[in-house]
Amino acid sequence: MTDLDGLLAAYDEQMRRPPANPPAGVRYEQDGPVVRIVGGHRGFVATPRDTGLRGAELDGLIARQRDYFAARGEAVEWKTRGHDEPADLTDRLRAAGFVPEERETVVIGLARETAGHPDLPDGVTVRRVTADADMRRIAAMESAVWGEDLGWLGDDLIGRAAAAPEDIAVLVAEADGEVVCAAWLVFYPGTEFASLWGGSTLPAWRGRGIYRALVAARAELAAARGVRYLQVDASDDSAPILRGLGFHAVTTTTPYVWTPPRPRAG
């Protein structure tokens, strides 16, 4: 039987701190029990399960993060998990002006049990990419899928690959030269984990096993590096697929985001 409590404890201990090698222009700033990540697409606050603060002290910590990024004119995300303490954390975030985005399920699987050769539909190939042009093609595909400009994603992937190429593996699935799906694997040196990101697929190519194939391909890379666990913040669409591949749900995660007010017209 899977030890879900043990998986969650390992996740809390190893996966709630910033990556060891930030991209150029990104820096970490410690503020008591949390770490601000500054210089990315938007600000980010990395937290332990429990900051140890309550009441007015917790409100002050939250307000400091908001006000820090407000002075920069930037949005900031405080990433919460469903088992975080205290129980009123999210109420206090809301009171400070943070707004919840879509909740996802944190799932964890064993890399060696998920690894395998990608089983792809006819006409689709998978390759690992490193070139800036390919990262921008991925951003264009993601923009088409989500109906918004995600050009920043190309810059983010380029920056990560430049800062620590050994810590990220970016894969694309292509058909007739078109990127139809893309996904990446992020390694966390000094931990037992790697995480899976991306996986968005163009509508015409969904339901053909491409997402599963990219999970298997990334798990193969992770297992080859001796990674024990794979972790995913899974959407409602991908969570059932991942559970079918042997992943286990351990908690939920909801980003709480504060966004600067728009300047008044005139």
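What to note about this one:
- By accessible area, using a 1.4 Å probe on protein heavy atoms only, the stretch 130-266 has 51% of its surface on carbon and sulfur.
- Taking a sphere under 9 Å around the Cβ of Arg42 and counting the other residues whose Cβ falls inside, with K and R at +1 and D and E at -1, yields a net charge of -2.
- For the stretch 1-153, alpha-carbon Rg relative to the globular expectation (2.2 N^0.38 Å, N residues): 1.27
- Note on the chain: helix-only mean residue ellipticity at 222 nm, from DSSP H runs of 4+ residues weighted -39500 (n - 2.57) and normalised by residue number, equals -10500 deg cm²/dmol.
- Long-range HN-HN contacts of His248 with modeled amide H, under 5 Å: Ile108, Gly109
- DSSP beta bridges confined to the chain are antiparallel in about 85 percent of cases.
- Taking every protein chain into account, the accessible area of the stretch 93-159 amounts to 56 square angstrom per residue (probe 1.4 Å).
- Heavy atoms of the protein chains alone define the surface here; on that basis the stretch 207-249 has 44 Å² accessible area per residue at 1.4 Å probe size.
- Cα-based shape type of the stretch 168-266, given that a ≥ b ≥ c are square roots of the gyration tensor eigenvalues and the cut on a/c is 1.5: oblate
- Pairs of C-alpha atoms in the stretch 79-187 farther apart than 24 Å represent 46 percent of all such pairs.
- Correct option for Cα Rg over 2.2 N^0.38 Å [calculated from the coordinates] among (1) 0.93; (2) 1.03; (3) 1.62: (2)
- Prolate/oblate/rounded call for the stretch 212-263, Cα gyration tensor, a/c under 1.5 rounded: prolate
- Semi-axis lengths, Å, the stretch 3-63, gyration tensor of Cα atoms, sqrt of 5 times eigenvalues: 22, 20, 8
- For the stretch 209-220, the Karplus equation 6.51 cos²θ - 1.76 cosθ + 1.60, evaluated at θ = phi - 60°, returns couplings of x, 5, 4, 4, 5, 6, 4, 4, 5, 5, 4, 4 Hz by residue, with Gly and Pro reported as x.
- Long-range amide H partners of Arg17 with built H, under 5 Å: none
- The stretch 166-211 - Rg (one decimal) and Dmax (whole number), Cα, Å: 12.7, 40
The values are calculated or read from the model by the stated rules, or taken from the named source; none is laboratory data. Everything numeric here is computed off the predicted structure, so don't read it as measured data. Note: ideal-geometry Cβ built from the backbone for every residue, glycine included; neighbour counts use all protein chains shown. Only protein heavy atoms, including side chains, enter the accessible area calculation; ligands, DNA and RNA are left aside. Shrake-Rupley method; radii C 1.70, N 1.55, O 1.52, S 1.80 Å.
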